[in-house]
Amino acid sequence: MNYLSDPKYLFELLAREGLISGEQRAMLHKKAPQQRQLIMRELRKKSGAAGRIREPDLVEVIVALHLEIPGNNPQPLTEEMIMRVVAKDLGLPFKKIDPLELDLEIVTKTIPKNYAIKHLMLPFALKNGIHEIALYDPVKLEVLAEIERANKINIKPYLCTRGDISRLLAEFFGFQSSISAAENHLAKPMVDLGNLEQYVKINRAGEINSSDHHITTAVDHFFTYAFDQRASDIHIEPKRHKSLVRLRIDGVLHTIYTLPMAVHSAIISRIKTLSRMDIAERRRPQDGRIKVDHEDKEAEIRVSTVPVAFGEKVVMRILDSDVIFQDVAKLGFNPRDLAVYKHFMTSPHGIVLVTGPTGSGKSTTLYSTLKLIATSENNVVTIEDPIEMVHEEFNQIAVQPQIDVTFSTILRNILRQDPDVIMIGEIRDLDTGINAIQAALTGHLVFSTLHTNDAVSSISRLIDLGAQPFLVGSTLLGAMAQRLVRTICPECRESVKVDAKLLRTFGLPAEGEGEIELQVGKGCSKCRQTGFLGRCGVFEIFPVSAEINRMICAGTSEAEIRKQAIKEGMTTLKDDAWQKVKDGITTYQEAARVTGIS
């Protein structure tokens with residue numbers, strides 16, 4: 001039986017499972033033939049072929065009609081829902097494939113390309129000698145049996161959606177073809193000066209043709225794939241005999257490809273060309289940027305290369321405007337902290353410091369703040385190293401130490417440019433600190449960053465740099481420390497009970513005895529079995545009150561100032577993280593991780 005094209009079987013199954021109503025079932029019988037012709041017409045138009053076109057099955061027809069599942073909470077009937085109930089009815093496991101789990105070799109070398117595409121089969125894993133293969137049409141189980149007999153292998157079949165299989169086959173075979181062609185083209189002996197294990201240099205044998213179209217296709221694939229997977233960074237790392245491509249998603253690195261070493265230099269050269277770097281320079285670090293068009297929106301990619309043991313490593317930071325520029329109220333502030341921060345933003349003058357380690361979301365907070373402040377009535381000037389995201393409403397200046405354009409030197413010139421708001425990328429030395437204080441004293445609102453562990457430590461840091469305590473106390477509006485926690489996946493969240501004593505061993509301020517009900521993510525296909533989807537901020541906002549100003553000027557210890565700030569209502573990083581645990585936003589393990597408790 002052709003299960004996916006038999007109306008009697010499929011419509012009856014969907015009705016029995018409650019995915020369609022009796023009225024929808026009658027409508028499908030009536031409209032299915034007409035909708036099938038419309039789909040065939042579209043397929044013919046796309047292919048440009050006058051000959052025979054593949055006839056769509058009923059699953060495609062049903063999805064194209066945009067039906068809603070009956071009930072109080074209607075939702076669209078998707079291809080995945082249909083295939084799940086078909087798999088359940090036939091006693092087959094369903095597979096929602098995570099592209100990050102796929103191995104390029106397994107996908108492209110198990111079944112020949114034309115055969116896999118013709119029969120819609122995707123090999124996705126090899127476990128204990130058993131090949132796990134996803135297929136779309138249950139009729140093709142007979143074909144899998146033939147493959148088993150012919151190749152003398154064991155196969156475990158799964159059902160999957162046509163959309164996932166078609167897309168992944170096209171991506172992986174297209175990428176594999178590009179890499180194989182590039183590898184063959186570049187298979188001549190090569191020497192990379194960046195490889196510390198090389199002993200001799202063969203004249204120019206390692207030069208790479210970065211315009212090769214196979215390499216161009218592979219690099220384009222990296223970018224598209226990274227955007228599709230919500231990655232924040234792409235790492236391309238040379239090893240002794242291979243090259244690794246890794247993506248950072250929600251703060252965690254995932255290895256997605258292992259490439260032949262022969263193509264590594266070509267890929268790096270292509271990226272360096274796109275980012276306007278010197279492709280001949282391989283022994284010094286370089287920085288550049290690429291502007292790309294993704295789904296009709298512009299995104300910036302900041303590129304950094306450094307020489308490592310086996311060649312050049314490149315890291316590309318993806319700066320999506322939708323991520324960088326957000327609504328300040330949606331960054332994760334609690335009501336008290338949001339009110340305090342808005343007071344900072346609307347002050348006529350003073351210094352606001354944002355602290356935290358690399359990757360804690362400081363840039364997102366500052367850019368979102370400046371976007372809110374930047375109006376036709378304000379002159380917003382930034383000094384950055386480098387400029388992370390170009391925005392036409394700001395006057396952005398890039399630090400260039402080679403021509404003496406540094407944070408401290410350019411700040412003097414900026415004060416002659418009639419600024420209202422100044423953002424300094426980082427206060428690194430006394431000169432920059434003194435100039436920032438001078439700008440605040442002369443009626444400017446100054447935002448900057450410091451690398452300290454918490455908000456109150458920013459006072460000690462400025463004084464350690466050489467700033468006078470009375471100047472710090474009189475100009476500092478406040479400081480904010482922040483971290484990023486992974487948020488629980490909404491699709492697979494569930495309640496668990498955790499002993500309060502255990503939570504206190506993690507350093508979290510859990511009160512009382514007995515068990516506390518909290519939320520966790522059990523893991524699903526949407527979150528790649530991690531239980532987390534997305535991130536949000538954890539904050540510690542420290543306003544400088546009149547009493548704290550007096551304590552700073554008197555040289556009071558950091559511990560006493562922190563105690564006073566808490567007395568005045570400051571929420572510490574640990575307290576804010578614990579509140580987000582209680583609110584079901586994140587897990588206690590994640591809260592403990594970002595607040596430095598082991």
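Cα gyration tensor of the range 36-132, axes a ≥ b ≥ c as square roots of the eigenvalues: rounded (a/c below 1.5), prolate (a/b > b/c) or oblate?
Details: a/c = 2.48, a/b = 1.19, b/c = 2.08.
Oblate.
In the chain, which longest range has no trypsin sites (Lys or Arg not before Pro) that are both DSSP loop (not H, G, I, E or B) and surrounded by at most 12 other Cβ atoms within 10 Å? Walk me through the numbers before you get to the answer.
Working: sites that count: Arg52, Arg54, Lys152, Lys201, Arg204, Arg240, Arg276, Arg283, Arg416.
The longest such stretch corresponds to 417-598.
Where in the range 472-490 does the amide nitrogen come within less than 13 Å of the point 7 Å from the Cα of Glu568, taken along Cα to Cβ?
473-480
List the lysines whose alpha-carbon lies under 28 Å from that of Lys113, not counting same-chain residues fewer than 8 positions away?
Of all the lysines, those that pass the test against Lys113 - Cα under 28 Å, at least 8 places apart if same chain - are Lys45, Lys46, Lys95, Lys96, Lys127, Lys140, Lys152, Lys156, Lys188, Lys242, Lys526.
Taking every pair of alpha-carbon atoms in the chain, what share in percent sits in each 10 Å bin, from 0 to the bin with the longest distance?
Histogramming the chain at 10 Å steps yields 3, 13, 19, 21, 20, 14, 8, 3, 0 percent.
What FRET efficiency comes out for His66 versus Val315 if R0 is 30 angstrom and r is the Cβ-Cβ distance? Round to the nearest 0.05.
On the way: r = 42 Å, r/R0 = 1.40.
About 0.10, to the nearest 0.05.
With a ≥ b ≥ c taken as the square roots of the eigenvalues of the C-alpha gyration tensor of the range 306-440, please select rounded if a/c is under 1.5 and otherwise prolate if a/b is larger than b/c or oblate if it is not?
Working: a/c = 1.75, a/b = 1.17, b/c = 1.50.
It is oblate, given that a/c is not under 1.5 and a/b is not larger than b/c.
Say each of Gln34 and Ile53 gets a label point 7 Å from the Cα, pointing the same way as Cα to Cβ; how far apart are those two points in nm?
Modelled inter-label distance: 1.8 nm.
Which whole-number percent of Cα pairs in the range 316-381 have a distance greater than 20 Å? Can you show the working numbers first?
Details: 654 of 2145 pairs.
Tail fraction, whole percent: 30.
Let's test this: bin the Cα-Cα distances of the range 99-168 at 10 Å from zero up to the farthest pair and state each bin's percent.
Spelled out bin by bin, the range 99-168 gives 20, 63, 16, 0 percent.
Could you compute the FRET efficiency for Arg149 and Val496, with r as their C-beta to C-beta distance and R0 at 41 Å, rounded to 0.05?
Working: r = 47 Å, r/R0 = 1.15.
The calculated FRET efficiency here is 0.30.
What 222 nm value per residue comes from the helices of the chain, counting each DSSP H run with n ≥ 4 as -39,500 (n - 2.57) and dividing by all residues, nearest 500 deg cm²/dmol? Before the final figure, lay out each step's value.
Values: 22 runs with 235 residues, N = 598.
That comes out to -12000 deg cm²/dmol.
Can you list the residues, at least 5 places off or on another chain, whose amide H is less than 5 Å from the amide H of Leu450, using H built in the peptide plane?
Val354, Thr355, Gly356
Provide the gained length on full extension for the span Lys526 to Val292, in nm with one decimal, where the gain is 0.36 nm per separating residue minus the Cα-Cα distance.
Details: separation 234, 0.36 × 234 = 84.24 nm, distance 2.63 nm.
Contour length minus the Cα-Cα distance gives 81.6 nm.
May I ask for log10 I(q)/I(0) of the range 3-90 at q = 0.11, 0.15 Å⁻¹, from a Debye sum over the Cα atoms as equal point scatterers with solvent left out?
After summing over all Cα pairs, the log10 values are -0.32, -0.57.
Take Leu372 and Lys45, extend 7 Å from each Cα along the Cα→Cβ direction, and tell me the distance between the two endpoints in nm.
4.5 nm
Efficiency by 1/(1 + (r/R0)^6): what FRET value for Thr217 and Gln589, r their Cβ-Cβ distance, R0 = 35 Å, to the nearest 0.05? Intermediate values should be presented prior to the final figure.
Values: r = 41 Å, r/R0 = 1.16.
Calculated value: 0.30.
Using the Kirkwood formula over every pair of different C-alpha atoms, what hydrodynamic radius in Å results for the range 383-538?
Working: mean 1/r = 0.0520 Å⁻¹.
Answer for the range 383-538: a Kirkwood hydrodynamic radius of 19.2 Å.
For the chain, can you list the cysteines whose C-beta has no other cysteine C-beta under 4.7 Å from it?
Isolated Cys, the chain: Cys160, Cys536, Cys553.
Only the coordinates and a few stated rules stand behind these numbers; no lab work does. Computed from a predicted model, the values in this text were never measured in an experiment. All Cβ positions, even for glycine, are placed from backbone atoms using ideal geometry, and neighbour counts span all protein chains on display.
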